[in-house]
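Heads up, the thing below is written out as structure tokens.
Please treat every number below as a calculation from the coordinates, not as lab data. These numbers were taken from a predicted model, which means no experiment stands behind them.
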Amino acid sequence: MYSDDYEKALHFMIWGQWDDLLVLMVRTRDHFLSKKIETFLHAYHYPNHEAVLYVSHENLLHYIDHAQATTHDKLYV
């Protein structure tokens, strides 16, 4: 399905490429991934509490991990 999007999101998060993460948020067709990225970037750019940033970061990582585990590319057509 969208396995490339999950790999890109993980890569962008690891290397702190927030601009690329923003572009991915706009272009992905996975609404949940887009919303998790939006929440994280908002918490990162407008920090109220460090705990909010940490929770949004962990939620995004957990979603990416879950999505990668449950999404399978078609091996055979």
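Can you give the alpha-carbon Rg of the chain over 2.2 N^0.38 Å, where N counts its residues?
Scaled against compact globular proteins, the figure is 1.12.
Given Cα pairs under 8 Å that are at least 6 residues apart, what percent is the relative contact order of the stretch 3-70? Display every interim value, and only then the final one.
On the way: 48 pairs, mean separation 22.6, N = 68.
Reported relative contact order: 33 percent.
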